[in-house]
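Q: Here it is, the structure in full.
The values are calculated or read from the model by the stated rules, or taken from the named source; none is laboratory data. Everything numeric in this text was worked out from a predicted model, so none of it was measured. Glycine also receives a Cβ, built like all others from the backbone with ideal geometry; neighbour counts cover every protein chain displayed. Accessible surface is based on the protein model in full, side chains and every heavy atom, while ligands, DNA and RNA are left aside. Shrake-Rupley method; radii C 1.70, N 1.55, O 1.52, S 1.80 Å.
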Amino acid sequence: MDGFETNDGIIVIAATNRPDVLDKALLRPGRFDRQVVVGLPDIRGREQILNVHMRKVPLGDDVNPEVIARGTPGFSGADLANLVNEAALFAARTNKKLVEMREFELAKDKIMMGAERKSMVMSDDEKRNTAYHEAGHAIVGRLVPEHDPVYKVSIIPRGRALGVTMFLPEVERYSWSKRGIESRICSMFGGRIAEELTLGFDGVTTGASNDIQRATEMARNMVTKWGLSEKMGPLMYEEDEGEVFLGRSVTQHKSVSEQTAMDIDNEVRAIIDRCYDRARQILIDNREKLDLMAEALIQYETIDVSQINAIMEGRRPEPPKDWGSGSGAPGGGAPVQDKDAAADTAVKADSAPIGGPAGQH
């Protein structure tokens, strides 16, 4: 650790995805002086990475790397390589000589939502409840401001999820406004509220457990980390809890008084109640569209953006293009907004709350 002599002719390169836990001695002058931050690629970077990996497979005339890149925000280079491989496998399974856009869309669905559980048989009541739950997410997300547009809704079981609502960002996002965060909280509660409107409070299921967890986490971050509460002000009330290794202490230090902790809890509850009431009113005012979308999901299992647009205009949606072929409706992919767990113990691994300059849904 005494540094390296300039005449050694040796360059030492190291990489880490946890720079926050490195020993300060490693970063002193004369050691690892230069730090190069390699972030996730933007839309142009993803398009160029796709072009590299697509050289290895025969492509159909309808394949557009720009469209695929737009529908894969947050993907790393390895994710994009996996996407091309999965698309090629889908084509091989159907004995196709070319990999077309449909295979890339199926590959995106598998990567983002998990593989379809075709062996899982849902009862009619479970299917109907899941349809209303996902329709609630989609309609609230569509009608609140500064929310990513809803792109696809499905009630096909994938992984531990009974259904999924997908949102496609219009632009690359690096931060969120207070209005946008509250809109996301509203859409998270849309599923539970839809269940309550159709089944009554006693009929609400555990499917919203993960939605509640993420919404509460986001509201608490608004108050304690992001300074988005007028009552509590722009103060940091909670510190990030790091991993317990490399010298980090297991002991948790209490940094707020009991009264402040109570004020924080009350403010978090106020945000949740405000967003919950807002989402509830949206679904009450759009009950016909909620019923229409749920019926479409029960019939087609998956609906895409064109069908969603028809429903929001009060029209009955057309069947998917490949309806009757047994493969579901086609459509692009986007970051997963909701994967409703079948039980309280099913928690999504990709549901980290947004925050910082590179917030993720």
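Q: So if I check each of Val63, Val52, which one is outside any loop (DSSP other than H, G, I, E, B) and either closer than 30 Å to Ala87 by Cα or open to solvent by 80 Å² or more (accessible area, probe 1.4 Å) (or both)? Steps first, please.
A: Working: Val63 fails: outside any loop (DSSP other than H, G, I, E, B).
Only one candidate passes the filter, namely Val52.
Q: Given the options Lys127, Lys96, name the one that is surrounded by fewer than 20 Cβ atoms within 10 Å (Cβ to Cβ), in a loop (DSSP other than H, G, I, E, B) and of a type outside the set (S, T, N, Q).
A: Of Lys127, Lys96, the one residue that is surrounded by fewer than 20 Cβ atoms within 10 Å (Cβ to Cβ), in a loop (DSSP other than H, G, I, E, B) and of a type outside the set (S, T, N, Q) is Lys96.
Q: For the stretch 17-41, give me the residue count where each residue is surrounded by 12 or more Cβ atoms within 10 Å (Cβ to Cβ) and either under 24 Å from Arg70 (Cβ atoms) or of a type in the set (Phe, Trp, Tyr) (or both). Steps first, please.
A: Here is the first cut: in the stretch 17-41, the ones surrounded by 12 or more Cβ atoms within 10 Å (Cβ to Cβ) are 21-22, 26-28, 31-32, 40-41.
Add one more test, that the residue is either under 24 Å from Arg70 (Cβ atoms) or of a type in the set (Phe, Trp, Tyr) (or both), and what stays is 32, 40-41.
Residues that pass the stated criteria total 3.
Q: Evaluate the following for Leu106: is it within 22 Å of the chain's Cα centre (by Cα) and in a loop (DSSP other than H, G, I, E, B)?
A: Spelling it out, it is not the case that Leu106 is within 22 Å of the chain's Cα centre (by Cα) and in a loop (DSSP other than H, G, I, E, B).
Q: Show the residue pairs meeting these rules: Cβ distance below 8 Å; 6+ apart or different chains; first residue within the stretch 3-16 and under 14 Å from Asp33 (Cα atoms) and open to solvent by less than 100 Å² (accessible area, probe 1.4 Å); second residue among the hydrophobic types (A, V, I, L, M, F, W, C) and modelled with pLDDT of 80 or more.
A: Every condition considered, the pairs that remain are Val12/Phe32; Ala14/Phe32.
Q: Among the residues of the stretch 266-314, write down those that are under 18 Å from Gly190 (Cβ atoms) and assigned to a loop (DSSP other than H, G, I, E, B).
A: Hit for the stretch 266-314 is Asn286, nothing else.
Here's the yes/no breakdown for (1) open to solvent by less than 40 Å² (accessible area, probe 1.4 Å); (2) closer than 14 Å to Ile139 by Cα; (3) in contact with a strand residue (DSSP E or B) (Cβ under 6 Å, 6 or more places away or on another chain):
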| residue | (1), (2), (3) |
| --- | --- |
| Pro169 | yes, no, no |
| Lys178 | no, no, no |
| Glu182 | yes, no, no |
| Met188 | yes, yes, no |
| Arg192 | no, yes, no |
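Q: Can you tell me which residues in the stretch 69-86 are among the β-branched types (Val, Ile, Thr) and closer than 13 Å to Met54 by Cβ?
A: Answer for the stretch 69-86, where residues must be among the β-branched types (Val, Ile, Thr) and closer than 13 Å to Met54 by Cβ: just Val84.
Q: Please determine, by comparing only the residues of the stretch 124-175 that are among the aromatic types (Phe, Trp, Tyr) and at pLDDT below 90, which one is farthest from the chain's Cα centre (by Cα).
A: Of the residues in the stretch 124-175, the ones among the aromatic types (Phe, Trp, Tyr) are 132, 151, 167, 174.
This time we only want the ones that are at pLDDT below 90, so: 151, 167, 174.
Details: Tyr151: 12, Phe167: 8, Tyr174: 15 Å.
The extreme case among them is Tyr174.
Q: Take Thr205 and decide whether it is of a type in the set (S, T, N, Q) and in contact (Cβ under 8 Å) with a residue 60 or more places away in the chain.
A: For Thr205, the condition - of a type in the set (S, T, N, Q) and in contact (Cβ under 8 Å) with a residue 60 or more places away in the chain - is met.
Q: Determine which member of the set Ala81, Ala91 is of a type in the set (Gly, Ala, Ser), in contact with a strand residue (DSSP E or B) (Cβ under 8 Å, 6 or more places away or on another chain), in a helix (DSSP H, G or I) and within 28 Å of Leu168 (Cα to Cα).
A: Ala91
Q: Hey, another quick one. Of the residues Ile271, Ile303, Ile308, which single one is at pLDDT 90 or above, within 19 Å of Val144 (Cα to Cα) and in contact with a strand residue (DSSP E or B) (Cβ under 8 Å, 6 or more places away or on another chain)?
A: Of Ile271, Ile303, Ile308, the one residue that is at pLDDT 90 or above, within 19 Å of Val144 (Cα to Cα) and in contact with a strand residue (DSSP E or B) (Cβ under 8 Å, 6 or more places away or on another chain) is Ile308.
Q: Anything in the stretch 194-208 that is crowded, with 23+ Cβ neighbours inside 10 Å and modelled with pLDDT under 90? List them, or say none.
A: Within the stretch 194-208, Gly207, Ala208 qualify.
Condition check ((1) aliphatic (A, V, I, L, M); (2) open to solvent by 10 Å² or more (accessible area, probe 1.4 Å); (3) in contact with a Lys or Arg (Cβ under 8 Å, 6 or more places away or on another chain)) across all residues:
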site	(1), (2), (3)
Leu106	yes, yes, no
Met112	yes, yes, no
Lys118	no, yes, no
Ser123	no, yes, no
Glu134	no, no, no
Arg142	no, yes, no
His147	no, yes, yes
Val150	yes, no, yes
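Q: Give all pairs with beta carbons closer than 8 Å in which a residue from the stretch 269-291 that is charged (D, E, K, R) meets a residue that is surrounded by fewer than 14 Cβ atoms within 10 Å (Cβ to Cβ); count only pairs at least 6 apart in sequence or on separate chains.
A: Glu288/Gly314; Lys289/Gly314
Q: Could you list all residues from the stretch 66-79 that are buried (at least 20 other Cβ atoms within 10 Å of the Cβ) and either β-branched (Val, Ile, Thr) or at pLDDT 95 or above (or both)?
A: Within the stretch 66-79, Ile68, Thr72 qualify.
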